Structure formats: C-alpha cells, structure tokens
Amino acid sequence: KQWYQRRVRGLVAFTFVFCFKMKGILFVVLVALLNVVCCKDPAGDWLGYAQATSTGQRITYIEAYWVVPDDPKENGAFFSPWFGIETSDNLNLLQPVNPWSANSWSIYNEYFQWKPEYNYNSDAHGVQAGDVVYGNITYIVEKNSYRLYHSSLNDTWGVFTEIPIQKASSGEFKNYTIAYFVFEKVYKCKQYPPNNQVTFYDIKIEYDGAPVKPTWTTGYKSNVCNCRA
C-alpha cells in the first residue's frame, strides 16, 4: 500500500465534461473507457469518448481525479469510466480503470495490446460510490517505460504498475501520442449509474515534459442511451 503525494508542477489543469440525454433530460457526464474485441481502438462498444492526439510529441504525463458514480439500480452489468494513453498505431493502451463489476466498484491499472493480444491487470481495490479516486501515468525516461498509479483518496490504498514500451514491426519503439477519456461497455440504460454522471477534473497533461492544453475531439462507437461528448 502506498500513498501518492500530489505534486505541484505548474501544469495546466482543466475539467473535461461530456453530456448525454436520457428520456429528454440533459445530464452532465464525463466519459471514460475499457477495451473490447475489435482490431484496434476506438473499440466497438465505446459509448461517448474524447480524444486528444499530439503531432508526434510523446505524452510524458497525464493525471485526473474523479468521483466514483452512484450504484446502478439494477445489478449485473460490467462497464467502466476511465482515462488512458495509447500508441500512435492505436494498439497499446495504458489505463487507470474504475469498473462496475456486477454489483460493486473497484479501481486498478490495466494494460491492453491488440497485437499480439495481451491484457494485464494490477491488484484491484474496492471503492464506494462517492469516493474520490486519482490516477496518473508517467513516462520513465531512463527505463523507456510508463508507470501507472491509481489510488483511492478515501483511504491509503494505491497501486503502481510499470509497463515497458513495446516495439513496432519496424523494430523501433512505439510512441504514445493519444489521450482518451471514455465510457465503455454496452448495457441497458437502467444498469448505468442513476445520476447519469461521472466527471473527471483537474486533468493535467504534458507533451515531451511541457504542460499543454491539447485540442480534444469527441465521438462515440455505440449509440447507447444517447451518450455523447
């Protein structure tokens, strides 16, 4: 168990918000993601998502806070809000995730690659609706790897995960240039949080070690519950 001391680095902070409409009522939502069976990302059962892509610069740091959503009124679903970064070929994804798994919330770090297909999950920790959770992803220059950190700010639990950067078919190391915030997995509307809301805030991102305000685009893959960025 480890505790993250929040750093003050002069980074540019912002809040990223999505909206979707359910039964004619507009709700504010910030969207996050998990991975599904496809050939590359964005995957087929992403609902609303936001994406920022650098013009070749490496994403060297990203962090975000969010509040665990309300418990769904109907159990049995598996979905997750999360953020992450991905290689420029859309095949290698690093993500601090916050899934609802049938009847409870948890947090852990996840690494997923499409080719060859491989998935790794760190140790997980149970959290409750209303808890504040935090995640960051940091590029480790001397190891040419990324270190993910995910924690609950309501207790002292946290987990670090280090993932080496993979090589492309050319033999060169891949470049992580894409940042995502997504809400993923298709279920019935009543199986999602009843307050229809999850907001990521104090988001900070660096390209090649410098704070940036990237340009975000929004979209969706599955038109479920009219979830939109």
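Could you please let me know if V133 is over 16 Å from I163 (Cα atoms) and among the β-branched types (V, I, T)? Taking the combined requirement at face value, the residue satisfies it. Look at region 208-229: where a residue is in contact (Cβ under 8 Å) with a residue 40 or more places away in the chain and a partner is open to solvent by 60 Å² or more (accessible area, probe 1.4 Å) and of a type in the set (A, V, I, L, M), sitting 6+ places away or on another chain with Cβ atoms under 8 Å, you get S222/V186; V224/V186.
Elements of the type strands (runs of 3 or more DSSP E) sitting completely within region 77-117 and holding at least 1 residues that are touching a Leu at 6+ places or on another chain (Cβ under 7 Å) and acidic (D, E): these cover 78-87. Of the residues making up region 185-217, just one is closer than 16 Å to G48 by Cα, exposed (fewer than 15 other Cβ atoms within 10 Å of the Cβ) and among the polar types (S, T, N, Q), namely T217. Being free of Cβ contacts under 8 Å to residues at least 24 places away in the same chain and of a type in the set (A, V, I, L, M) holds for only one residue in I140, I178, I107, I163, and it is I140.
Scan region 118-132 for residues that are within 16 Å of the chain's Cα centre (by Cα), of a type outside the set (A, V, I, L, M) and not in a loop (DSSP other than H, G, I, E, B) and jot them down. Of everything in region 118-132, those that are within 16 Å of the chain's Cα centre (by Cα), of a type outside the set (A, V, I, L, M) and not in a loop (DSSP other than H, G, I, E, B) turn out to be N119, Y120, N121. Scanning region 13-66 for residues that are open to solvent by less than 10 Å² (accessible area, probe 1.4 Å), modelled with pLDDT of 50 or more and not in a strand (DSSP E or B) yields D41, A43.
Name the residue that is surrounded by the most Cβ atoms within 10 Å (Cβ to Cβ), counting only residues in region 136-166 that are among the aromatic types (F, W, Y) and in a strand (DSSP E or B). The selected residue is Y146.
The values are calculated or read from the model by the stated rules, or taken from the named source; none is laboratory data. Since we're looking at a predicted model, the values are computed, not measured. All Cβ positions, even for glycine, are placed from backbone atoms using ideal geometry, and neighbour counts span all protein chains on display. Note: accessible area is taken over every heavy atom of the protein model, side chains too, but ligands, DNA and RNA are not part of it. Shrake-Rupley method; radii C 1.70, N 1.55, O 1.52, S 1.80 Å.
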